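Single-structure report; data block below.
The values are calculated or read from the model by the stated rules, or taken from the named source; none is laboratory data. Note that the structure is a prediction, hence the values are computed from the model and not measured. Cβ sites come from the backbone with ideal geometry, for glycine too, and all protein chains shown count toward neighbours.
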Amino acid sequence: MKRTNLIIKNTRARAIASTADGHVRAGLMAALTGFALLAAAVVVAPRAHGQVFNSQPYTAAPDPAVEQLRQRVEQLEADLRKATDRAEVLGAQLSDARRTADEANNGRKKLETDLTALRDRVEMLEDAAGGPVAAGGGSAALPTTLQTAQSVDLTGSTNSASPAPAARVDLAALPQDEEGFFNSAHALLLGGDFPGSEQAFTSFLTKFPKGAKAADAQYYLGESLLYQDNFADASGAYAKLIKSYPSSPNAATGMVKLARAMRGMGKTSDSCKTLDVMAKQFPKASAVAKQMAAQERQYAKCS
């Protein structure tokens with residue numbers, strides 16, 4: 001009987017142990033299954049894991065309004081630099097303009113001084129000539145000197161002209177072609193060698209009486225004589241210019257110079273008449289010629 005009870009107890013203990021062992025095994029299987037599922041989830045979704053645990057810093061997308069403001073600021077800075085450069089250039093140009101204006105003003109003052117001195121000299125010459133001399137026997141339309149222009153020879157001198165001046169220029173050394181000879185004579189005039197230019201232009205008119213530069217040479221011959229205060233011969237030279245070359249660009253100015261030469265001889269009446277003829281004969285004269293005529297009227301005290 002005791003043996004039977006012992007067997008029954010052993011059987012129950014084994015059953016209980018077997019049941020417990022089953023439960024342990026079931027728990028282990030459930031745990032292993034859970035780990036397997038977790039590993040599968042990690043393998044299946046690696047990208048999500050990468051996004052969550054990415055080591056790169058997060059960068060926000062740029063704001064369009066901020067980007068537009070930045071571009072606007074950069075454009076304003078570029079415009080400011082351009083404006084600054086332009087202001088510097090304009091400042092330099094303004095300085096140059098002021099300097100030029102100052103130089104021009106100084107030149108104007110010098111010309112006014114020279115003009116005053118020249119006017120005083122002309123008045124002194126008029127006083128030395130004995131004052132105005134009325135022209136006689138002339139037509140009311142033309143002054144006496146202009147009426148007798150046909151008596152002027154190719155040198156531009158009147159019949160009562162003084163003897164030719166002594167040679168001052170080696171004419172043989174000048175270029176013998178028309179243009180070269182003329183340019184050399186003109187250079188003498190511009191250089192202030194009035195006797196030399198008189199001699200050269202006189203020779204030019206003898207060598208090239210029908211040349212393309214003959215009218216200009218006739219005018220500059222008058223200038224050479226006028227600058228030497230040889231008013232009589234200058235009158236003849238200008239009268240020859242007006243008579244022989246009325247369409248020359250220098251004809252109107254030459255008539256004003258003729259009036260000046262007459263005034264230099266004291267013939268202010270003829271001078272005023274010449275200026276009257278000039279206004280009628282050359283209505284389209286240049287502004288310079290008209291201004292010179294107006295000044296000459298003041299000097300001659302024309303009515």
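Among the residues of region 180-216, the ones that are among the small types (Gly, Ala, Ser) and part of a loop (DSSP other than H, G, I, E, B) come to 4 in all.
I need the full set of residues from region 277-293 which are β-branched (Val, Ile, Thr) and either over 17 Å from Ala239 (Cβ atoms) or surrounded by fewer than 12 Cβ atoms within 10 Å (Cβ to Cβ) (or both), in order please. Walk me through how you get there before you give the answer.
Filtering region 277-293 down to residues β-branched (Val, Ile, Thr) leaves 277, 288.
Within region 277-293, Val288 is the sole residue that qualifies.
Entry remark, region 48-79: residues being assigned to a helix (DSSP H, G or I), modelled with pLDDT of 65 or more and of a type in the set (Gly, Ala, Ser) number 2 in total. Scan region 276-295 and give yes if some residue there is among the aromatic types (Phe, Trp, Tyr) and either within 24 Å of Gly196 (Cα to Cα) or touching a Phe, Trp or Tyr at 6+ places or on another chain (Cβ under 9 Å) (or both), otherwise no. The answer is no; no qualifying residue exists. In the set (1) surrounded by 17 or more Cβ atoms within 10 Å (Cβ to Cβ); (2) closer than 23 Å to Gln298 by Cα, Ala214 fails one condition alone, (2).
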